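Chemist: Dropping the structure in here first, questions after.
The values are calculated or read from the model by the stated rules, or taken from the named source; none is laboratory data. As the structure is a computational prediction, the values presented were derived from the model and not from experiment. Note: ideal-geometry Cβ built from the backbone for every residue, glycine included; neighbour counts use all protein chains shown. Ligands, DNA and RNA are stripped out before the accessible areas are found, and what is left, the full protein with its side chains, is counted by its heavy atoms. Shrake-Rupley method; radii C 1.70, N 1.55, O 1.52, S 1.80 Å.
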Amino acid sequence: MKIYNTMNNHKEEFNPISNDKINMYVCGPTVYNYFHIGNARPFLFFDVVRRYFEYCGKKVTYVQNITDIDDKIIDQAIKEKSSFQEISERYTKAFYEDLQALNIRKADHNPRATEFINEMIELIRDLINNGYAYESNGDVYFKVEAFEGYGKLSGKNLEDLKAGARIETNNQKSNPADFTLWKKAKEGEPKWDSPWGAGRPGWHTECVVMSRKLLGGTFDIHGGGVDLIFPHHENEIAQAEAINGIRLANYWMHNGFLNINGDKMSKSLNNFFTTRDILKKYDADVIRFFFLSKHYRSPIDFNEDIIIESKTALNRFYEALGHIQILSLSDTKKDYDATLSGFIDGFKQAMEDDFNTAKAISILFDITREIWSDQNDTQKKQQAGLLLVELGQVLGFFSDLEKKLSSNVDQYAELLIQLFIEHRIQAKKDKNYSLADKIRQDLNAIGIELQDTASGTSWKVKK
């Protein structure tokens, strides 16, 4: 397997610390609002990473934090005349609901920042004692010049960072590029006691403590959006390695932006759509297809036409599965022949080339063609269907297959009834009343009652 490691800016062979298990940390939400569809991209992609490792027989320990204390949460609490606890609790609950709606499995651990305040204070104290941090008027800052490797993840030059940081003057800092480890509490803000006075930890400190607490020393993969490379992940690395010189993670993976008309989707630009709003219009599988049909590192433009294309393409899977009798995956022996086994190999090759989900989806379409092929018998078609579902579920598709296939049947039934009605209307225009009557009688015989009104013909199922 090859993974693009942001630390070195190229694809590298993936060598996990343990052969049979993977430890992975992915930055989670700051819970002050519903997450937008751009936020959903890393949540969804790393769900697929986890599913693929498990498909390959690995045990995955997946940690995703909840930032439940932050300036944005405090601002939202003031806006809603509520407490920060009420805001964070409400939107944490919404986060889990939206994950479930997208068929994204919860992480094995979802640590909340407020549960680890003591450990964060201990880390900050150690950084001060080791000469990497200093207190200034109740705030504590990390001394970036003391850490020799600062900028190695983002490729940023410390002198450029210092020059840029001078634009925002902060006389409390020794160096304009130093970042906050502990914030002195302002009046009315939530606070915790510390050796430097009442306050709260900085965002960058939270993830270092929680990841190491739950995954040990160095872990395999640290993931998130490309916007987290700097300063968040850069500052995590600085704190972690300053303590004992041990790297935080071996592989750093970052997904590209979701753009709107060329701009990054973000709440600050007010050009975002919440996930729950999008899910009112489109099925979760459609959103998943939209994201996975592009490589995770590529930026992707949110476009209604592309979403509709995703829906149309995805329907080809369901149409194929509705064409055959799909048996239970758990009850059926998957005795795949050479052709179908070749698709498995191709799927794995795609996924093990830096999780090329776009190529993996193309393999699913190849399998779909086997279902429709006139050269294959019923058993071969069923086996192809089973494989389509098996590999599709690795990508997170087909979460409620039986229900969706049933709804597809209902949809086609409605279309057929409407088609009969249109033929009847045409028959009446042609004065072919015997045919029009026969259509009405035949539909009535199967329990469909037609109702002619001034505005047209409608139908209902007879009770």
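Chemist: Step by step: first the residues of region 206-226, then only those that are of a type in the set (Val, Ile, Thr) and farther than 18 Å from ASP68 by Cα, then the one that is most open to solvent (accessible area, probe 1.4 Å). Which residue is that?
Modeler: The residue in question is VAL226.
Chemist: I need a count of the residues in region 243-253 that are open to solvent by 10 Å² or more (accessible area, probe 1.4 Å) and in contact (Cβ under 8 Å) with a residue 40 or more places away in the chain. Explain how you work it out, then say what you get.
Modeler: Going through region 243-253, the residues open to solvent by 10 Å² or more (accessible area, probe 1.4 Å) turn out to be 243-247, 250-251.
Now drop any that are not in contact (Cβ under 8 Å) with a residue 40 or more places away in the chain, which leaves 243, 250-251.
Within region 243-253, residues that are open to solvent by 10 Å² or more (accessible area, probe 1.4 Å) and in contact (Cβ under 8 Å) with a residue 40 or more places away in the chain number 3.
Chemist: A follow-up question, please. Could you pull out every one of the helices (runs of 4 or more DSSP H) wholly within region 229-316 that has 1 or more residues that are among the polar types (S, T, N, Q)?
Modeler: Working: elements: 234-244, 275-278, 284-292.
By residue number, 234-244, 275-278.
Chemist: Turning to a different aspect of this structure: Do we find that PHE397 is modelled with pLDDT of 95 or more, of a type in the set (Phe, Trp, Tyr) and more than 30 Å from ASN15 (Cα to Cα) in this structure? Quick ask: steps written out before the conclusion?
Modeler: Working: modelled with pLDDT of 95 or more: yes; of a type in the set (Phe, Trp, Tyr): yes; more than 30 Å from ASN15 (Cα to Cα): no.
It is false that PHE397 is modelled with pLDDT of 95 or more, of a type in the set (Phe, Trp, Tyr) and more than 30 Å from ASN15 (Cα to Cα).
Chemist: To continue, here is another question. Pairs only if they're at least six apart or on different chains, beta carbon under 6 angstrom, first in region 345-359 and in contact (Cβ under 8 Å) with a residue 40 or more places away in the chain, second of a type outside the set (A, V, I, L, M) and in a helix (DSSP H, G or I); list them, first residue then second.
Modeler: MET351/TYR52
Chemist: Please count how many residues of region 128-152 are part of a helix (DSSP H, G or I) and farther than 16 Å from PRO231 by Cβ. Please lay out each step first, then the result.
Modeler: First, the residues of region 128-152 that are part of a helix (DSSP H, G or I): 128-129, 144-146.
Narrowing the set further to residues that are farther than 16 Å from PRO231 by Cβ leaves 128-129, 146.
Qualifying residue count for the region: 3.
Chemist: ASN376 is checked against (1) on the phi < 0 side of the Ramachandran plot; (2) modelled with pLDDT of 95 or more and fails just one. What number does that condition carry?
Modeler: (2)
Chemist: Here's something else I'd like to know. Sort through GLU189, GLU234 and tell me the only one that's among the charged types (D, E, K, R), in contact with a Ser or Thr (Cβ under 8 Å, 6 or more places away or on another chain) and either crowded, with 20+ Cβ neighbours inside 10 Å or over 26 Å from ASN9 (Cβ atoms) (or both). Write out each step before concluding.
Modeler: Details: GLU189 fails: in contact with a Ser or Thr (Cβ under 8 Å, 6 or more places away or on another chain).
The unique qualifying residue is GLU234.
Chemist: Here's a follow-up. Out of all the residues in region 173-182, is one or more of a type in the set (Phe, Trp, Tyr), over 21 Å from THR30 (Cα atoms) and at pLDDT 95 or above?
Modeler: The first filter runs over region 173-182 and keeps only residues of a type in the set (Phe, Trp, Tyr), leaving 179, 182.
Of the ones still in play, those that are also over 21 Å from THR30 (Cα atoms) are none.
No: region 173-182 contains no residue that is of a type in the set (Phe, Trp, Tyr), over 21 Å from THR30 (Cα atoms) and at pLDDT 95 or above.
Chemist: Of these, GLY197, GLY223, which one is assigned to a strand (DSSP E or B) and either modelled with pLDDT of 95 or more or not charged (D, E, K, R) (or both)? Lay out the reasoning, then the answer.
Modeler: Values: GLY197 fails: assigned to a strand (DSSP E or B).
Unique residue meeting the criteria: GLY223.
Chemist: Could you please find all residues in region 448-463 being of a type in the set (Val, Ile, Thr) and either open to solvent by 90 Å² or more (accessible area, probe 1.4 Å) or modelled with pLDDT of 90 or more (or both)?
Modeler: VAL461, the sole residue that qualifies.
Chemist: A further question follows. Are there helices (runs of 4 or more DSSP H) fully within region 346-447 with at least 2 residues that are hydrophobic (A, V, I, L, M, F, W, C) and open to solvent by 30 Å² or more (accessible area, probe 1.4 Å)? List them. Quick ask: steps written out before the conclusion?
Modeler: On the way: elements: 357-372, 378-394, 401-429, 433-445.
Here the list reads 357-372, 401-429, 433-445.
Chemist: Name the residues in region 102-116 that are more than 17 Å from THR30 (Cβ to Cβ) and open to solvent by less than 50 Å² (accessible area, probe 1.4 Å), would you?
Modeler: First, pick out the residues of region 102-116 that are more than 17 Å from THR30 (Cβ to Cβ): 102-106, 108-109.
If the condition is that a residue be more than 17 Å from THR30 (Cβ to Cβ) and open to solvent by less than 50 Å² (accessible area, probe 1.4 Å), then LEU102, ASN103, ILE104 are the ones that fit.
Chemist: Next question. Please determine, by comparing only the residues of region 403-435 that are among the basic types (Lys, Arg) and at pLDDT below 90, which one is farthest from ASN315 (Cα to Cα). Show your work before the answer.
Modeler: Restricting attention to region 403-435, the residues satisfying the condition of being among the basic types (Lys, Arg) are 403-404, 424, 428-429, 431.
Those left that are additionally at pLDDT below 90: 403-404.
Numbers: LYS403: 14, LYS404: 10 Å.
Looking at residues that are among the basic types (Lys, Arg) and at pLDDT below 90, I get LYS403.
Chemist: Another one. Would you confirm, using the coordinates I've provided, whether TYR62 is within 17 Å of ASP108 (Cβ to Cβ), under 16 Å from the mean Cα position of the chain (by Cα), open to solvent by less than 30 Å² (accessible area, probe 1.4 Å) and touching a residue at least 60 places away in the same chain (Cβ under 8 Å)? Please lay out each step first, then the result.
Modeler: Working: within 17 Å of ASP108 (Cβ to Cβ): yes; under 16 Å from the mean Cα position of the chain (by Cα): yes; open to solvent by less than 30 Å² (accessible area, probe 1.4 Å): yes; touching a residue at least 60 places away in the same chain (Cβ under 8 Å): no.
No: the conditions fail for TYR62.
Chemist: Quickly run through region 270-325 and pick out the residues that are among the acidic types (Asp, Glu) and closer than 16 Å to GLY38 by Cβ. Show your work before the answer.
Modeler: The initial filter retains those residues of region 270-325 that are among the acidic types (Asp, Glu), namely 277, 283, 285, 301, 304-305, 309, 319.
Once the filter is applied, which keeps residues that are among the acidic types (Asp, Glu) and closer than 16 Å to GLY38 by Cβ, region 270-325 yields ASP277, ASP301, GLU304.
Chemist: Condition first: open to solvent by less than 10 Å² (accessible area, probe 1.4 Å) and farther than 17 Å from LEU258 by Cβ. Now tell me which residues in region 1-40 satisfy that.
Modeler: Residues satisfying the conditions are ILE3, ASN5, ILE22, MET24, TYR25, VAL31.
Chemist: Same structure again: Those residues that are open to solvent by 30 Å² or more (accessible area, probe 1.4 Å) and either farther than 17 Å from ILE243 by Cβ or of a type in the set (A, V, I, L, M) (or both), I need them from region 146-159; list them, please.
Modeler: Going residue by residue through region 146-159, those that are open to solvent by 30 Å² or more (accessible area, probe 1.4 Å) are 146, 148, 152, 154-159.
Within region 146-159, ALA146, SER154, GLY155, LYS156, ASN157, LEU158, GLU159 meet the criteria.
Chemist: In region 117-126, how many are open to solvent by 60 Å² or more (accessible area, probe 1.4 Å) and of a type outside the set (D, E, K, R)?
Modeler: Final tally of qualifying residues: 1.
Chemist: What residue, of PHE273, PHE219, is in contact (Cβ under 8 Å) with a residue 40 or more places away in the chain, closer than 30 Å to ILE307 by Cβ and of a type in the set (Phe, Trp, Tyr)? Explain how you work it out, then say what you get.
Modeler: Details: PHE219 fails: closer than 30 Å to ILE307 by Cβ.
Testing whether each residue is in contact (Cβ under 8 Å) with a residue 40 or more places away in the chain, closer than 30 Å to ILE307 by Cβ and of a type in the set (Phe, Trp, Tyr) leaves just PHE273.
Chemist: So, one more: When the residues of region 73-101 are filtered to those that are open to solvent by 10 Å² or more (accessible area, probe 1.4 Å) and among the aliphatic types (A, V, I, L, M), which remaining residue is nearest to THR274 (Cα to Cα)? It would help to see each step written out before you state the result.
Modeler: Our first condition is that a residue be open to solvent by 10 Å² or more (accessible area, probe 1.4 Å); within region 73-101, this holds for 74-76, 78-86, 89-91, 93, 96-97, 100-101.
Adding the requirement that they be among the aliphatic types (A, V, I, L, M) leaves 74, 78, 101.
Numbers: ILE74: 21, ILE78: 22, ALA101: 13 Å.
So the residue we want is ALA101.
Chemist: Can you confirm whether region 127-141 contains a residue that is on the phi < 0 side of the Ramachandran plot, within 34 Å of the chain's Cα centre (by Cα) and open to solvent by 60 Å² or more (accessible area, probe 1.4 Å)? Working first, answer last.
Modeler: Looking only at region 127-141, we keep the residues that are on the phi < 0 side of the Ramachandran plot, and these are 127-130, 132-136, 139-141.
Next, only the ones that are within 34 Å of the chain's Cα centre (by Cα) stay: 127, 140-141.
Retained after the next criterion (residues that are open to solvent by 60 Å² or more (accessible area, probe 1.4 Å)): none.
No, the conditions are met nowhere in region 127-141.
Chemist: Now a separate question. Output yes when any residue across region 160-178 is open to solvent by 50 Å² or more (accessible area, probe 1.4 Å), free of Cβ contacts under 8 Å to residues at least 24 places away in the same chain and part of a helix (DSSP H, G or I), and no when none is.
Modeler: Looking through region 160-178, at least one residue is open to solvent by 50 Å² or more (accessible area, probe 1.4 Å), free of Cβ contacts under 8 Å to residues at least 24 places away in the same chain and part of a helix (DSSP H, G or I).
Chemist: (1) within 28 Å of LYS173 (Cα to Cα); (2) of a type outside the set (Ser, Thr, Tyr); (3) modelled with pLDDT of 95 or more; (4) buried (at least 20 other Cβ atoms within 10 Å of the Cβ): which one isn't true of TRP203, the others all being true?
Modeler: Answer for TRP203: the failing condition is (3).
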